[in-house]
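Following: one structure in structure tokens, then a few remarks.
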Amino acid sequence: MPITIQTYATKEEAVRVAADAFEALIRERAKTGKTAVLGLATGSTPIALYKELIRRHKEQGLSFKNVISFNLDEYCGLPGTHDQSYRYFMNEQLFNHVDIDRANTHVPLGTLPDAEIDAHCAAYEQAIRAAGGIDIQLLGIGRTGHIGFNEPPSSETTRTRKVHLDELTRRDNASFFGDVAHVPHHAITMGCGTVLDAKEVILLAWGEPKADIVAKSVKGPKTEMVPASWLQDHKNCVFILDRAAAAKL
Ligand code: GLP
């Protein structure tokens, strides 16, 4: 199934469209007392979306009481109190500002000893299944073609596991850490297979630096060297882009 492409003149417009999809799901489920299961992402790309969802919570009564969330990934070695951990990011960028029950928010734990990581990853997958599976998985994309932290090569069957980070990814994230030397070398991430199990996938990308990898993911061969290209196999995947990110399509 080809990936659906939606291109907007501005990031702000694109963000409103993505927020509409999340709002519609959350409100529709709330009407019948059901939960909405969201797969959430970090990085600079989704920040504007989280701001818009917070605005809708504060100004338009959008409640997150029925939301269960699962984040894609977490750096190894960083506790949730570290300001570069993805748990900290999610608290700051979304959870602290809406009425989500913190017990319903899941981010992989980056601080477990190696011997406990496999069991933790299996439990994370089990928790997603027990919640009924992910309704909408939000994604950004790294310049290596990674989704979550599934660096090339990552097959379409990968599940939640510990991974090694690509040097380009570490350099791209260095500014957040002050110095590339402080960027962890490993992370725990949902797999490509975990992402592909979501009922719907929304990938956001802004700006010229993402144009090449967006084009490769959408039009290139499906390959473990571009993990985002596996999204071509998904039945309900949309890329919501600004003009610059869509420039090479
Ligand atoms: C990190 C995250 C990814 C994210 C990517 C792109 O590597 N693990 O989930 O998509 O960064 O980041 P940005 O949105 O800042 O370009």
Which links in LYS199/LYS248; LYS58/LYS222; LYS162/LYS222 stretch past 31 Å when you go from one Cα to the other? LYS58/LYS222
Fully extended, how many nm does the chain gain between ARG55 and HIS120 (0.36 nm per residue separation, minus their Cα-Cα distance)? 20.0 nm
Expected vector for the range 73-87, Karplus 3J(HN,Hα) from phi with 6.51, -1.76, 1.60 and θ = phi - 60°, integer Hz, x for Gly and Pro, equals 7, 7, 5, 6, x, 9, x, x, 7, 6, 5, 9, 6, 6, 4
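Sort ILE213, ILE134 so the one with the fewest other Cβ atoms within 10 Å of its own Cβ comes first.
ILE213, ILE134
In whole percent, what relative contact order does the chain give with Cα contacts below 8 Å and a gap of six or more residues?
25 percent
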If amide H atoms are modeled at 1.01 Å from N in the peptide plane, then the residues at a separation of 5 or more from ASP242, or on another chain, having amide H under 5 Å from its own are TYR8, ALA205, GLY207
Residues whose placed amide H lies under 5 Å from that of THR223, excluding near-sequence neighbours: SER229, TRP230
What full-extension length gain, to one decimal in nm, is calculated for HIS182 and LYS65 as 0.36 nm per residue of separation minus the Cα-Cα distance? 38.5 nm
Go ahead and set up a Gaussian network model of the chain, Cα springs under 10 Å, then flag whichever of LYS210, LYS34, LYS162 fluctuates most. LYS34
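We did not get these values from a lab; they are worked out from the coordinates using the rules stated. This structure is a prediction, so every number in the text was calculated from the model and none was measured. We place every Cβ from the backbone using ideal geometry, glycine too, and count neighbours over all the protein chains shown.
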